[in-house]
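Q: One structure follows; several queries about it will come next.
Derivation of every value follows stated rules applied to the coordinates shown; laboratory data play no part. None of these values were measured; they are calculated from a predicted model. Note that we place each Cβ from the backbone using ideal geometry, even for glycine, and neighbour counts take in every protein chain shown.
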Amino acid sequence: MGERPDISNVGMVVSCSPTHRDMAVSEVEGVAKEAGFSVGAIASGIEGLLFFAVDSPKEAIKKLNRLCREKPGLFELTFHYRPVDVWCTSSIEEMQAKIRELVPKIGEEESWRMMLSKRQYDKYGERELIMKLTEVVDRKKVDLKNAEKVIVVGIIGEHAGIALAARDEILDVQQVKKGL
């Protein structure tokens, strides 16, 4: 494994076909241009994950959601687009602290859920992680299918990217294509 990239400018993480990395980077650059914004690729050093610097990542992903519905054929090598509001270490305590800071942005009556992905991290299983990370969320209205707010946690080794996103501020290409 090579030297870790500087992730401080990464605002969007995209999963892709690991065998077509360069073509996937071109795909993201192309769909971003088509949607009216630009991205800067940042080497991730992690198979199947692409990092991008982008102004207003959530707005960018909203545009990509619309584009994916209109022109699904443009999305062939990329799968999931996730925003990152803040980076921290992947220690439970630090991730909980960052999540706790986001909770006030979830309205008392809004539904929420957590979306967790992890790579190069085996300290805890997915279920145990979700239990530990959600224990700091005091909002009662959990909706695992159609939540109004999504706490996005992407753990990549010793780092974690965390965001609070609306439904249309994350993109699952396959889900969009299934819904067409």
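Q: Using just the helices of the chain, give the 222 nm mean residue ellipticity in deg cm²/dmol: DSSP H runs with n ≥ 4 each add -39,500 (n - 2.57), and the total is spread over all residues, rounded to 500.
A: -9500 deg cm²/dmol
Q: Further, regarding this structure: Can you give the convex hull volume per residue for the Cα atoms of the chain, as a whole number of Å³?
A: 117
Q: Moving on. Under 16 Å Cα to Cα from LYS105, which aspartates and glutamates show up? Leave out anything in the same chain fewer than 8 places away.
A: Counting by Cα, and skipping residues close in sequence, LYS105 has these aspartates and glutamates nearby: ASP85, ASP138, GLU148, GLU169.
Q: For SER111, what residues show an amide H to amide H distance below 5 Å, using hydrogens built from the backbone and excluding near sequence neighbours?
A: HN-HN under 5 Å from SER111: GLU148, LYS149.
Q: While we're on this one: Step through the table entries LYS132/LYS178; LYS118/LYS145; LYS63/LYS177; LYS63/LYS145, compare each Cα-Cα distance with 24 Å, and write down the pairs that go over it.
A: LYS132/LYS178
Q: Considering only DSSP states other than H, G, I, E and B, which trypsin sites (Lys or Arg not before Pro) in segment 91-174 qualify as loop sites with at most 12 other Cβ atoms within 10 Å?
A: Those satisfying the criteria are LYS123, LYS140, LYS145.
Q: Would you look at the GNM of the chain, springs on alpha carbons closer than 10 Å, and say which of PRO18, PRO83, PRO57 moves the most?
A: PRO18
Q: Counting pairwise Cα distances across segment 86-167, what percent come out greater than 22 angstrom?
A: That tail contains 17 percent of the Cα-Cα pairs.
Q: Further question on the same structure: From the residues LEU64, VAL10, GLY161, which one has its Cα farthest along the dipole of the chain in the positive direction, the dipole being from +1 and -1 charges on Cβ of Lys/Arg and Asp/Glu about the Cα centre?
A: Highest projection toward the positive end goes to LEU64.
Q: Using a simple charge model, +1 on the beta-carbon of Lys and Arg, -1 on the beta-carbon of Asp and Glu, nothing else, what dipole does segment 86-167 show about its Cα centre, in debye to the nearest 20?
A: 240
Q: Also, quick follow-up: Have a look at LEU50, LEU116, LEU144 and tell me which one the Gaussian network model of the chain (Cα, springs below 10 Å) gives the largest fluctuation.
A: It is LEU144.
Q: Let me spell out the model: positive unit charges on the Cβ of Lys and Arg, negative unit charges on the Cβ of Asp and Glu, origin at the Cα centre of the chain. What dipole size does that give, in debye rounded to 20?
A: Here the size comes out at about 520 debye.
Q: From zero up to wherever the largest Cα-Cα distance of segment 1-90 sits, split into 10 Å bins and tell me the percent of pairs in each.
A: Whole-percent P(r) values from 0 Å outward: 17, 54, 25, 4.
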